[in-house]
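What follows is a set of notes on a single structure, which appears directly below.
The values are calculated or read from the model by the stated rules, or taken from the named source; none is laboratory data. This is a predicted model, so every value here is computed, not measured. Note that each Cβ is placed from the backbone with ideal geometry, even for glycine, and that neighbours are counted across all protein chains shown.
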Amino acid sequence: MICLAELTKRGYYGYRSLLFSGTGNSLHVAKELQKRDPETNIIAIVGLLDNAIIETRGEIVGIVFPIHLAMAPAPVMEFLKKLDLKSADYIFALVTRAGSPHRAFIDLDKILKKKGKSLDSFFTLNMASNDPKFEDWPPGNIRRNCKFGI
(Lines give C-alpha, C1' and ligand atoms only; values in the text may rest on other atoms or scores of the structure.)
Protein backbone atom coordinates (compact mmCIF):
# COMPACT_ATOMS: atom_id res chain seq x y z
CA MET A 1 0.00 0.00 0.00
CA ILE A 2 1.33 3.41 -0.95
CA CYS A 3 0.39 7.05 -0.57
CA LEU A 4 -1.03 9.13 -3.41
CA ALA A 5 2.28 10.94 -3.91
CA GLU A 6 3.92 7.60 -4.70
CA LEU A 7 1.52 6.63 -7.49
CA THR A 8 3.33 8.44 -10.30
CA LYS A 9 6.73 7.24 -9.06
CA ARG A 10 5.51 3.69 -9.54
CA GLY A 11 3.97 4.24 -12.96
CA TYR A 12 0.30 4.43 -11.96
CA TYR A 13 -1.48 6.83 -14.28
CA GLY A 14 -5.06 7.40 -15.35
CA TYR A 15 -6.91 6.66 -12.14
CA ARG A 16 -10.58 7.38 -11.64
CA SER A 17 -11.50 10.18 -9.29
CA LEU A 18 -15.11 9.90 -8.14
CA LEU A 19 -16.36 13.23 -6.92
CA PHE A 20 -19.06 14.65 -4.69
CA SER A 21 -18.92 18.40 -4.13
CA GLY A 22 -21.30 20.84 -2.48
CA THR A 23 -19.62 24.25 -2.52
CA GLY A 24 -16.92 23.43 -5.06
CA ASN A 25 -13.99 22.79 -2.70
CA SER A 26 -13.86 19.08 -3.49
CA LEU A 27 -14.26 19.76 -7.21
CA HIS A 28 -11.28 22.11 -7.04
CA VAL A 29 -9.19 19.44 -5.29
CA ALA A 30 -10.17 16.80 -7.88
CA LYS A 31 -9.19 19.17 -10.70
CA GLU A 32 -5.84 19.79 -9.01
CA LEU A 33 -5.25 16.03 -8.91
CA GLN A 34 -6.18 15.84 -12.58
CA LYS A 35 -3.62 18.56 -13.44
CA ARG A 36 -0.93 16.29 -12.02
CA ASP A 37 -2.19 13.32 -14.04
CA PRO A 38 -4.18 14.42 -17.12
CA GLU A 39 -5.31 10.84 -17.76
CA THR A 40 -7.40 10.99 -14.59
CA ASN A 41 -11.15 10.85 -15.16
CA ILE A 42 -13.31 12.97 -12.84
CA ILE A 43 -16.76 11.45 -12.51
CA ALA A 44 -19.60 13.13 -10.59
CA ILE A 45 -21.18 10.74 -8.10
CA VAL A 46 -24.65 12.32 -8.03
CA GLY A 47 -25.21 11.67 -11.74
CA LEU A 48 -24.81 7.91 -11.21
CA LEU A 49 -27.00 7.34 -8.15
CA ASP A 50 -30.04 6.18 -10.15
CA ASN A 51 -28.11 3.10 -11.33
CA ALA A 52 -28.58 -0.15 -9.40
CA ILE A 53 -24.93 -1.12 -9.95
CA ILE A 54 -22.17 1.31 -10.81
CA GLU A 55 -19.17 -0.18 -12.59
CA THR A 56 -15.67 1.20 -12.72
CA ARG A 57 -12.81 -0.16 -14.78
CA GLY A 58 -10.17 1.83 -12.94
CA GLU A 59 -7.31 0.02 -11.25
CA ILE A 60 -6.91 3.03 -8.99
CA VAL A 61 -10.09 4.61 -7.64
CA GLY A 62 -10.15 7.80 -5.62
CA ILE A 63 -13.21 9.24 -3.90
CA VAL A 64 -13.12 12.99 -3.22
CA PHE A 65 -15.82 14.59 -1.06
CA PRO A 66 -16.49 17.09 1.74
CA ILE A 67 -17.23 16.16 5.33
CA HIS A 68 -20.85 16.78 6.32
CA LEU A 69 -21.73 16.62 10.02
CA ALA A 70 -18.56 14.64 10.89
CA MET A 71 -19.18 11.97 8.24
CA ALA A 72 -19.35 11.26 4.54
CA PRO A 73 -22.44 12.75 2.87
CA ALA A 74 -25.33 10.31 2.38
CA PRO A 75 -24.97 10.31 -1.45
CA VAL A 76 -21.33 9.20 -1.11
CA MET A 77 -22.29 6.30 1.15
CA GLU A 78 -25.15 5.26 -1.15
CA PHE A 79 -22.82 5.47 -4.15
CA LEU A 80 -20.13 3.36 -2.51
CA LYS A 81 -22.66 0.63 -1.69
CA LYS A 82 -23.58 0.42 -5.39
CA LEU A 83 -20.02 0.67 -6.73
CA ASP A 84 -18.52 -2.45 -8.32
CA LEU A 85 -14.81 -2.33 -7.46
CA LYS A 86 -13.65 -5.65 -8.94
CA SER A 87 -11.07 -3.90 -11.13
CA ALA A 88 -9.70 -1.70 -8.34
CA ASP A 89 -6.27 -2.61 -6.97
CA TYR A 90 -5.84 0.64 -5.03
CA ILE A 91 -8.58 2.72 -3.40
CA PHE A 92 -8.07 6.08 -1.73
CA ALA A 93 -10.29 8.75 -0.23
CA LEU A 94 -9.59 12.46 0.02
CA VAL A 95 -11.90 14.61 2.11
CA THR A 96 -12.20 18.36 2.44
CA ARG A 97 -13.33 19.91 5.70
CA ALA A 98 -13.28 23.09 7.73
CA GLY A 99 -11.20 21.47 10.46
CA SER A 100 -13.86 19.43 12.20
CA PRO A 101 -13.17 15.85 13.36
CA HIS A 102 -14.86 13.11 11.35
CA ARG A 103 -15.35 9.37 11.02
CA ALA A 104 -15.70 9.20 7.24
CA PHE A 105 -12.77 6.86 6.61
CA ILE A 106 -14.06 4.35 9.15
CA ASP A 107 -17.52 4.40 7.54
CA LEU A 108 -16.11 3.99 4.03
CA ASP A 109 -13.85 1.15 5.09
CA LYS A 110 -16.81 -0.74 6.63
CA ILE A 111 -18.62 -0.68 3.28
CA LEU A 112 -15.46 -1.61 1.39
CA LYS A 113 -14.74 -4.58 3.68
CA LYS A 114 -18.15 -6.04 2.75
CA LYS A 115 -16.90 -5.96 -0.84
CA GLY A 116 -13.58 -7.59 0.04
CA LYS A 117 -11.71 -4.28 -0.33
CA SER A 118 -10.32 -1.60 1.98
CA LEU A 119 -8.99 1.94 1.81
CA ASP A 120 -5.33 1.81 0.85
CA SER A 121 -4.80 5.43 1.85
CA PHE A 122 -6.81 8.41 2.98
CA PHE A 123 -6.18 12.14 3.09
CA THR A 124 -7.77 15.04 4.94
CA LEU A 125 -7.47 18.53 3.47
CA ASN A 126 -8.43 21.38 5.76
CA MET A 127 -10.04 24.19 3.80
CA ALA A 128 -10.86 27.70 4.86
CA SER A 129 -14.41 27.68 6.17
CA ASN A 130 -17.17 29.00 3.94
CA ASP A 131 -19.68 28.96 6.79
CA PRO A 132 -20.46 32.55 7.87
CA LYS A 133 -21.04 31.56 11.51
CA PHE A 134 -17.32 30.71 11.81
CA GLU A 135 -15.81 34.17 11.30
CA ASP A 136 -12.55 33.42 13.16
CA TRP A 137 -11.92 29.98 11.67
CA PRO A 138 -8.24 29.27 10.92
CA PRO A 139 -7.05 29.20 7.30
CA GLY A 140 -6.82 25.89 5.43
CA ASN A 141 -3.87 23.48 5.54
CA ILE A 142 -3.18 19.87 4.62
CA ARG A 143 -3.09 16.87 6.90
CA ARG A 144 -2.03 13.56 5.39
CA ASN A 145 -3.05 10.15 6.68
CA CYS A 146 -1.61 7.08 5.01
CA LYS A 147 -1.43 3.42 5.69
CA PHE A 148 1.97 2.01 4.72
CA GLY A 149 3.26 -1.45 4.05
CA ILE A 150 3.54 -3.23 0.73
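Keeping to the range 68-88, report how many residues are closer than 20 Å to Asp120 by Cβ and surrounded by 15 or more Cβ atoms within 10 Å (Cβ to Cβ). Selection size over the range 68-88: 8. Taking the criterion of being outside any helix (DSSP H, G or I) and surrounded by fewer than 16 Cβ atoms within 10 Å (Cβ to Cβ), the residues of the range 21-36 that qualify are Gly22, Thr23, Gly24. Within the range 100-121, if we keep just the residues that are out of contact with any Leu (no Cβ under 8 Å at 6 or more places or on another chain) and either buried (at least 18 other Cβ atoms within 10 Å of the Cβ) or touching a residue at least 24 places away in the same chain (Cβ under 8 Å) (or both), the residue that is nearest to Ala70 (Cα to Cα) turns out to be His102. Within the range 86-104, the residues that satisfy the criterion of being of a type in the set (Gly, Ala, Ser) and either over 18 Å from Asn25 (Cα atoms) or modelled with pLDDT under 90 (or both) are Ser87, Ala88, Ala98, Gly99, Ser100. For the structure I just gave you, tell me whether Gly149 is part of a loop (DSSP other than H, G, I, E, B), at pLDDT 90 or above and on the phi > 0 side of the Ramachandran plot. So Gly149 does not fit the description; no. Candidates in the range 54-67 are the residues that are part of a loop (DSSP other than H, G, I, E, B) and not acidic (Asp, Glu); of these, the one that is surrounded by the fewest Cβ atoms within 10 Å (Cβ to Cβ) is Arg57. Taking the criterion of being part of a helix (DSSP H, G or I), acidic (Asp, Glu) and either at pLDDT 95 or above or under 15 Å from Val61 (Cα atoms) (or both), the only residue of the range 105-120 that qualifies is Asp109.
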